[in-house]
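Step one of this worksheet: look at the structure below.
The values are calculated or read from the model by the stated rules, or taken from the named source; none is laboratory data. What you see is a predicted model, and the numbers here were worked out from it, not measured in a lab. Counting neighbours? That spans all protein chains shown, and the Cβs are built from the backbone with ideal geometry, glycine included. Accessible surface areas use protein heavy atoms only, side chains included; no ligands, DNA or RNA. Shrake-Rupley method; radii C 1.70, N 1.55, O 1.52, S 1.80 Å.
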Amino acid sequence: MLRIKCPYCGVREHTEFTYGEDANRSLPDPDASLENWNNYVFARQNVAGEHLEYWQHTLGCRAWLKVQRDTVTHDITWTGLPHETPPQQKEAST
Amino acid sequence: MSGFRSHLGRLNDEQISFSFNGQSLSARAGDTVASALLANGIEVVGRSFKYHRPRGVNSCGAEESGALVSVGIGAEQEPNVRATMQLVTEGLQVSSQNCWPSPQFDLLAINNFVGSLFPSSPLAAGFYYKTFMWPAKFWYKLYEPAIRRAAGMGKVPDQADKAAYDRINSFYDIAIIGGGAAGLSAALSAAQSGLRIVLMDEHATLGGQLLHLPKQQQDLEQWRQNTIASLQVADNVTILTNTVCWGRFDGNTLAAHEVIDGKVRHNFHKIHAEKIIIATGAIERPLVFTNNDKPGVMLASGARKLLNNYGVAAGRQMVLFTNNDSAYKTAFDYHDQGLPVAAIIDSRESRSEHLFEACQQRGIPVHQYSVVTKAKGWHGVRSVQVSELKDDGTLGASHDITCDLVAHSGGWSPQVQMASHGGTPPIYDEQITAFVVDQQAADTWSVGAAQGQFGLQAGIKQAMVAAQAACQALACQGGEVLIPAEDINGELNIEPLWSVPAPSKQKNKQFVDIQHDVTVADIGLAHKEGFISVEHMKRYTTLGMANDQGRTANVNALAMMAGHLEQSITATGTTRFRPPIAPVSLGSIAGREVGEHVRPLRRTPMQEWHERQGAVFVEAGLFRRPQYYPIGNETLDQAYVREAAHVRTKVGLCDVSSLGKIEIVGPDSAVFLDRIYVNLFSSLPVNKARYGIMLREDGHIYDDGTTSRLADDRFFMTTTTAKAGAVLSHLERCLEIDWPELQVRVSSVSEHWAAMALAGPQSRATLQLAFPEMDFSQAALPFMGLAHGKYQGSPLRILRVSFSGELAYEVYVQADHGEQVWQHIMAMGQPHDIIPYGLEALGTLRIEKGHVTGAELDGRVTLADVNMQRMASKKKWFVGQNLMQREGLQDPKRPCLVGLKAVDPQQAIPTGAILVNENKLVAGCDKQGWVSSMTYSPALEGFIALGFLTSGQKRIGETIYAAYPLQGQHIPVEVVSSHFYDPDNIQVKDQ
Ligand SMILES: [Zn+2]
């Protein structure tokens, strides 16, 4: 049983949450090319390892969260709000 | 008669009684069914799975593969219970399995002889697969009935289980699996930290292999009792006995199955632990020789525990057969209790001097470098055939030794399942000839025999160190454990013997997996047929798939497989262990969620009225919605046609409370809805409603519904019943992830509002009577208008929308006034002959009108597919707009929505039928589309349907065919507009 730390509600069982989608993508511009839109909707990295994804605390506060989960071990190493970034990613990007 | 009660062991002298195959027997409190049967001299307990060979008790623990019994009768009956794990309770009813008329005389034992006549018997490895390949008629008529009668384990009770089961979620700092010396030590050390500890053991009594020792071994018995006593008084320690931990899952979650004798039968514990200590011990492996499945052939450790713990001698004269040191203790304990040991047959080349001397002192003959080649006897063992081994691996001269008990040991296999569930692969250890998992990881430790550490003091120390490390990782301090002065040497000095050399015709009597009747011959056959991976060999032979989950069979089988492949055991590898490692009752997993509690029932505020009215209900998600309201003996077909026709001529009321309802509030609400829906909502005036369609990002239709504007910054959205939850999540996702800058809040108000559709020419007159202070005239409340009112102080929203194609309204009222308002409208509609109508009539009306629902909007259709491309606004961007323009979604040949009319109006058009051009279904005929919904239309006096047809809009007027080959139907249908009824909306709008 995975446990996810909701920033609003604390540590809860994963059955309260619903997986949403890959969090490594952002909505293209409305005028973006069909190819860009196609990549946004369909292309995924399918990472084996640490992965950012959106989950919703559906049976809790209903917040959408960003979750850093290892797709191999299922370890969840970080959770935050949708527009936050996990600490090590911040370091990598600066 | 073989076994008997020699003394009391650790039991007290309280007598209880139980029955076996109807015969009343006595037992001592604390006996298992296995110890009690042996104490009563019962040798044959049941018959085997495929060959119906006699089987008896062959161990004393979870690894039991011989004595599988059914417990209880009727609804309470539980098949395939391991007699070694089932405690005897007063009045317990135990019966044999797989035999008729009795375990002593079983008519189906013929399978056994058939098996020996043909080298590849019909029930040999892979018989499941092979027999399926025979011609079908052979299978149904001959093989399946024969195999069903012959093979199988026990019987499933034919009545519903009345017992209660519970599911328990719990949280601990440290979970310790296994209550032997190592587990007890880990628990005692960890307990001193003050952390929350749980200790689980599958047996009724804690102690593990300490219970194999004679009670007279005072120092160790005292240590066991003192340790348990200390744990029992510690407030922070939970002890779960009769509890097998059957799986380890992500996030340090353990699943455990507790057997209790009370109102609740089993508990399913879902345990979350910060740290896990695996102290699951080791299981003795059998030696593989001819007839090693006969009653009387028993693991040495089993025979020892039976004697020392339960006081039951498993036989009157023992022969011990071993390839290691550990089993000698069994012979010594039997001898020292005055029970004769005829001989020790030791397959090893070299001997352990101290053991040899101990045998000489006791006068027990030892046959070095010899093997038991065969157990002899009709049902149980009466003698063994013993041969010397020669250096070339062949057998020397043989002789027989009389005995009724063969205690055997092929070494020990650490119980690595729990460690393996975590993903760590077991590694073969040459020293102990078994697989181990070396795990001293961040949050899991394997200790004691489970980790291959068979020495007592060393195992206790290892467990204590692990417990202290676990405590330390949780910023606490574990304590010290008193190490007993007496040690048990863990050296096995094992020399592997995977199977005793035997002539090939005897190899199908050398059993590897006893419960599943898998023999040395089967493994050879699997190899010969090309199954070179252990995972394939396991599935082909079904080895290791029985109750004991390969505890006794796996290592021997892998080693044999390695032998066939001429490679090392390490290179051959082992199968991956998967939960559950022990039988788990389905009841315990279901817990209390059975019957009507399987899932919650959502009730609308008017549910009780529908029930009182005698409505027939249909499941719609978690709702049970009225399907129709029969009058007298009306059938469904009669009722829905009557209801639909009545609505078209008079007036009817339908409960639509299950619709999703979402309130959208904030200054940017209109901008938000413009992005969500394909059509424009920012232009919608206050107190007006608009039908809207939303797409997915990929350009397909997601959901539809009516949304009305309550104020400049406030909208009231309805969704379909099925998508209510998903649409809310979608809106929340867009607001939080894509457009956090929009000032909008969305809230579900589905439960706040009761909703009812009032439809029919008399609907306005009815409303006017019901709410006289409101004005329902065409001028005051035109089509798509919203009016506000009050009923007994509670707000009312009345929306002039129509799903039926008649003059119609949707009435929304606060849920707690739902039934009142419903009854009020029904009462006020009386003069207009109002009726309630159900989901079926609602469907008829909307099909006549050509409205789409989930049957059409199935996630694969676009706006153009349902002829609504004109709804897409060109003045703004919306979700799905970009990919809607993909080439594939623009293809003019895509099937699109059409109406279908049966050429013979009285011929039904089955939903799901395929649309074809040909007047009969022929090979290669092209699928032109499909039928999505159909009904009998009282308005058109015939069967009509909605469907999707390639280039459908251009084909109006054609006659095609709806093919339904499952029922041999091929129905001519005319392609028409999907707007069967009032295509110009005169009824709806202009009144
Ligand atoms: Zn939350």
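Numerical summary
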{"item": "Theoretical gain in end-to-end length, B:T402 to B:E14 [0.36 nm per residue, Cα-Cα removed]", "result": "136.2 nm"}
{"item": "Two-decimal log10 I(q)/I(0) for region B:510-572, as the Debye equation yields it once each C-alpha is a single scatterer, q = 0.25 Å⁻¹", "result": "-1.02"}
{"item": "Residue among B:G924, B:T572, B:V45 farthest towards the positive dipole end of the protein assembly as shown, charges placed on Cβ", "result": "B:G924"}
{"item": "Lys, Arg +1 and Asp, Glu -1 on Cβ, resulting dipole of chain B about Cα centre, debye, nearest 20", "result": "1740 debye"}
{"item": "Added length on full extension, which subtracts the Cα-Cα distance from 0.36 nm per residue, B:A442 to B:Q792", "result": "119.5 nm"}
{"item": "HN-Hα J in Hz across region B:218-225 - Karplus 6.51, -1.76, 1.60, θ = phi - 60°, x for Gly and Pro", "result": "4, 4, 6, 5, 5, 4, 4, 5"}
{"item": "Rough spin-label spacing in nm, given labels placed 7 Å along Cα→Cβ, for B:I631 and A:T73", "result": "7.1 nm"}
{"item": "Debye-sum result for region A:3-80 in log10 I(q)/I(0), which assumes one identical scatterer on each alpha carbon, at q = 0.19 Å⁻¹", "result": "-0.81"}
{"item": "FRET efficiency, 1/(1 + (r/R0)^6) with R0 35 Å, evaluated for B:R714 and B:Q830 via beta carbons", "result": "0.45"}
{"item": "Number of partner chain Cβ atoms within 10 Å, mean per residue of A:56-64", "result": "3"}
{"item": "Cα centre as origin, Lys/Arg/Asp/Glu Cβ charges: the protein assembly as shown dipole, Debye", "result": "1760 debye"}
{"item": "For region B:912-979, the fraction of alpha-carbon pairs in successive 5 Å shells from zero, as %", "result": "4, 17, 29, 27, 15, 6, 1, 0"}
{"item": "Dipole magnitude of region B:572-649, debye to nearest 20 (Cβ charges: Lys/Arg +1, Asp/Glu -1, about Cα centre)", "result": "400 debye"}
{"item": "³J(HN,Hα), Karplus 6.51/-1.76/1.60, whole Hz, each residue of region B:47-59, x for Gly, Pro", "result": "10, 7, 3, 9, 9, 6, 7, x, 9, x, 5, 10, 7"}
{"item": "For region B:566-696, alpha-carbon Rg relative to the globular expectation (2.2 N^0.38 Å, N residues)", "result": "1.90"}
{"item": "Region B:952-991 versus region B:842-863: alpha-carbon centroid distance in Å", "result": "13 Å"}
{"item": "P(r), alpha carbons of region B:1-66 - 5 Å bins starting at zero, rounded %", "result": "4, 16, 26, 24, 19, 7, 3, 1"}
{"item": "Projected label distance in nm at B:K688 and B:E773, using a 7 Å step from Cα toward the beta-carbon", "result": "2.8 nm"}
{"item": "Long-range Cα-Cα pairs in region B:660-748 (distance over 15 Å), rounded percent", "result": "53 percent"}
{"item": "Cα-Cα pairs of chain B separated by more than 51 Å (percent)", "result": "44 percent"}
{"item": "Test item: B:733-742 mean partner chain Cβ contacts at 10 Å", "result": "4"}
{"item": "Relative contact order %, chain B, counting alpha carbon pairs below 8 Å whose residues are six or more apart", "result": "9 percent"}
{"item": "Ranked by how many other beta carbons lie within 10 Å on average, peptides B:387-394, B:692-699 from highest", "result": "B:692-699, B:387-394"}
{"item": "Label-point separation in nm, B:E495 to B:E274, each point 7 Å along Cα→Cβ", "result": "5.1 nm"}
{"item": "Whole-number Å³ per residue for the convex hull built on Cα positions in region B:616-677", "result": "146 Å³"}
{"item": "Protein-only accessible surface order, largest first, of B:R578, B:R224 at 1.4 Å", "result": "B:R578, B:R224"}
{"item": "For B:A343, residues with placed amide H under 5 Å, excluding near neighbours", "result": "B:L320"}
{"item": "Region B:589-630: trypsin sites (Lys or Arg not before Pro) in DSSP coil with no more than 16 other Cβ atoms inside 10 Å", "result": "B:R592, B:R603"}
{"item": "Length added when fully stretched, B:N919-B:I73, from 0.36 nm per residue minus Cα-Cα", "result": "298.7 nm"}
{"item": "Which of A:V47, A:T71, B:V288, positive extreme of dipole for the protein assembly as shown (C-beta unit charges)", "result": "B:V288"}
{"item": "Pairwise FRET efficiency - B:V618 versus B:V903, Cβ, R0 = 30 Å, nearest 0.05", "result": "0.50"}
{"item": "Under Karplus coefficients 6.51, -1.76 and 1.60, residue-wise ³J(HN,Hα) of region B:171-186 in Hz, glycine/proline x", "result": "10, 9, 6, 10, 10, 10, 9, x, x, x, 4, 5, x, 4, 5, 4"}
{"item": "Debye-sum result for the protein assembly as shown in log10 I(q)/I(0), which assumes one identical scatterer on each alpha carbon, at q = 0.06 Å⁻¹", "result": "-0.66"}
{"item": "B:K893 accessible area, assembled protein chains, probe 1.4 Å, Å²", "result": "140 Å²"}
{"item": "1.4 Å probe, heavy atoms, protein only - residues of region B:869-884 losing at least 20 Å² accessible area vs chain alone", "result": "B:W877, B:N882, B:L883"}
{"item": "Nearest-0.05 FRET efficiency for B:L601 and B:K162, computed from C-beta distance (R0 22 Å)", "result": "0.45"}
{"item": "Other-chain or far-sequence residues with amide H under 5 Å of B:R348's (modelled H)", "result": "B:Y369, B:S370"}
